[in-house]
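Participant: Attaching a single structure in structure tokens format; questions to follow.
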Amino acid sequence: MINAHARVEKTGPERAGAERTEIVFQKQGFASVMDEAEPARQWTRIRSRLQLEVGDVEYRSWLRQMTLAGIDGDEVTVLLPTRFLRDWVRSHYGEKITVLWQQENSAIRRVDIRVGKGKSGDSCQEDPAVAGLAESLAPAPRPPFPPTPAPLRAVATGSLRVADELSAPLDPRFTFDSFVVGKPNEFAYACARRVAENPGSKEFNPLFLYGGVGLGKTHLMHAVGLELTRRGALPATVAYMSAEKFMYRFIAAIRSQQTIEFKDHLRSVDVLMIDDLQFLIGKDNTQEEFFHTFNALVDAGKQIVVSADKSPSDLSGLEDRLRTRLGCGMVADLHATTFELRISILEAKATRAKCDVPGRVLEFLAHKITTNVRELEGSLNRLIAYANLFNRPITLETAQEVLHDILKAHDKRVTIDEIQRRVAEHYNMRIGDMVSARRARAVARPRQVAMYLAKQLTSRSLPEIGKKFGNRDHTTVMHACSRVTELIAADSGFAEDVNLLKKMLES
Ligand code: ADP
Ligand code: MG
């Protein structure tokens, strides 16, 4: 129940005698052979080192409330007041804390991080009674999230109301206009547009966008928010945040006993967008809070937009009732990009950057970097920056040189199957014709090119290659190789084609 969250009590005494940690020894015998104050001193040093290593902001956000419960043989027990904090600290700092303990005390093997209230006074350094709403919902203490690239942040300062602070800033570059639409994303795009035009309509509520990393989920969500604001919605009525931030804010609200205010603020928005919902898997209480907020908003005709890396039905670990409700509106999949879409995206970005990038280079990039638009974009930006800096034209060679590291990461050992696929794609023929008996020039020539490349780029023998090309004889492969070599010498256009294919396939 949410109300229960509001009742979570503050931990620790009002004032911290920071160094005055009490240790509960669970094994009496152990206590007697060891200076009782020693673990406390070790713990103090560990906390100081943690604070130094992770920085003040992270420390205050997540680690400050840790208390030492005791040492039992080779195991240390550390307490945190809530399950969220426990999970967070376990997954983000568990290893570091263990290492630090082992450095202090070589007898320690394990650090157990649990939910509980410590007696000690090392948690709250200030009186929580005076930490008001501002502390719970506003930026302080700031969570350790990477800063959002956001010129809009500038306006999110000063005396804005807390409700305005609920939303992370929207990136003004992520508009519908700058989103390149192709087969793999046209449905998701259309749904997002529709929601921006008519938020809260029944068939599109909630809108659930899902797909792999870097395929445009966040971009589309920001576009919805930007479009709504452009059309006059008050920033305070559109809230966009990552699920991680949702959780963080929720914890902060619990910590300062402001859950009611937190709920009220969330429920006052007209459009709530939560990005990367998969983050809530295993975070039961936050899920529950989100579920109630979700219901309250949908029942009031407000719009919800959610993104995740999987479809609702594949998000195992989400509560069933939440999963069911998420699937009740419109579910739109952002599919992996196609070669055509990648080319269109590159063209659009090059035009926007007012940079003339040869088609061949764009093709090369679109062939090489296939999984993630973010990386594709990053590669192009790097190339453009390089060309501007050194005032050099962009060519295939510069691309290879400048993007060496990125390309290498994408390279794998090239196989004959891969060669056949790429060559067929390049010449617009069916992959089946690589192994068919057809002798028409339109299929025979690309097949010869593929055989030539297989010889050049793999360590397969001529008979092995022949076998992969519909059980052809090794003399056929030999003939193909010499024919292609002749053509390369005679026809520069053909030579360039083969060269491009080779570069694309090469590791
Ligand atoms: P996700 O949230 O799905 O991981 P993002 O929305 O953050 O992906 O997209 C990653 C980057 O790729 C962003 O810079 C975004 O602008 C860009 N991007 C993704 N898809 C497209 C597209 N169809 N058109 C233009 N840019 C895109
Ligand atoms: Mg994203």
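Just so you know, all these numbers are worked out from the coordinates, no wet-lab data involved. Everything quoted here is computed from the prediction, not taken from an experiment. Because the Cβ atoms are built from the backbone with ideal geometry, glycine has one as well, and the counts that use them run over all protein chains shown.
Participant: Go through the range 194-210 residue by residue and turn each phi into a ³J(HN,Hα) via Karplus (6.51, -1.76, 1.60, θ = phi - 60°); whole Hz please, and just put x for glycine and proline.
Facilitator: Per residue, the Karplus-derived 3J(HN,Hα) values read 4, 5, 5, 7, 9, x, x, 6, 4, 5, 9, 10, x, 9, 10, 9, 9 Hz.
Participant: Still on this structure, I have one more. For His292 and Arg41, what is the calculated FRET efficiency with R₀ set at 41 Å and r taken between the beta-carbons, to the nearest 0.05?
Facilitator: On the way: r = 45 Å, r/R0 = 1.09.
That gives a FRET efficiency of 0.35.
Participant: Just to verify a number: FRET efficiency for Ser436 and Ile281, C-beta to C-beta distance, R0 = 45 Å, to 0.05?
Facilitator: On the way: r = 48 Å, r/R0 = 1.06.
In this case the efficiency is close to 0.40.
Participant: Label the range 446-507 by shape, choosing from rounded, prolate and oblate, from the square roots a ≥ b ≥ c of the eigenvalues of the Cα gyration tensor; if a/c is under 1.5 it is rounded, and otherwise prolate applies when a/b is larger than b/c, oblate when it is not.
Facilitator: Values: a/c = 2.46, a/b = 1.46, b/c = 1.69.
Note, shape of the range 446-507 comes out oblate.
Participant: Further question on the same structure: Which of the lysines could be linked to Lys302 by a straight reach, that is with a Cα gap under 28 Å, when you skip same-chain ones fewer than 8 residues away?
Facilitator: Lys202, Lys217, Lys245, Lys263, Lys283, Lys310
Participant: Going highest first, how would you order 486-494, 286-294, 354-362, 447-455 by mean Cβ packing within 10 Å? Before the final figure, lay out each step's value.
Facilitator: Numbers: 486-494: 12.1, 286-294: 20.9, 354-362: 15.4, 447-455: 24.7.
Answer by packing, highest mean first, reads 447-455, 286-294, 354-362, 486-494.
Participant: Would you kindly derive the ³J(HN,Hα) couplings of the range 382-388 from the backbone phi angles with the Karplus curve 6.51 cos²θ - 1.76 cosθ + 1.60 (θ = phi - 60°), listing them in order in whole Hz, with x for Gly and Pro?
Facilitator: Calculated HN-Hα couplings, in order: 5, 4, 5, 4, 4, 4, 5 Hz.
Participant: Next question. What are the lysines whose alpha-carbon lies under 20 Å from the alpha-carbon of Lys455, with same-chain residues fewer than 8 places away excluded?
Facilitator: Partners found: Lys412, Lys467, Lys468, Lys502, Lys503.
Participant: Taking the Cβ-Cβ separation of Asp473 and Thr415 as r and a Förster radius of 22 Å, what is the calculated FRET efficiency to the nearest 0.05? Mind showing how you got there, number by number?
Facilitator: Details: r = 21 Å, r/R0 = 0.98.
Efficiency for this residue pair is about 0.55.
Participant: Length gain on complete extension for the stretch Asn391 to Thr175, per 0.36 nm per residue less the alpha carbon to alpha carbon distance?
Facilitator: Details: separation 216, 0.36 × 216 = 77.76 nm, distance 3.09 nm.
Full extension of this stretch gives 74.7 nm more.
Participant: Next up: From the Cα trace of the range 35-75, what convex hull volume per residue do you get, rounded to a whole Å³? Please list the in-between numbers first.
Facilitator: Numbers: hull volume 3.1 nm³, N = 41.
Taking the convex hull of the Cα positions in the range 35-75, it is 75 Å³ per residue.
Participant: Let me ask something else. Between Asn428 and Glu95, with labels modelled 7 Å along Cα→Cβ, what's the label distance in nm to one decimal, could you check?
Facilitator: Reported label-point gap for Asn428 and Glu95 is 5.1 nm.
Participant: Shifting gears a bit: Could I have the simple spin-label model distance between Gln103 and Glu464, label points 7 Å from Cα toward Cβ, reported in nm to one decimal?
Facilitator: Each label point lies 7 Å from its Cα, and together they span 5.0 nm.
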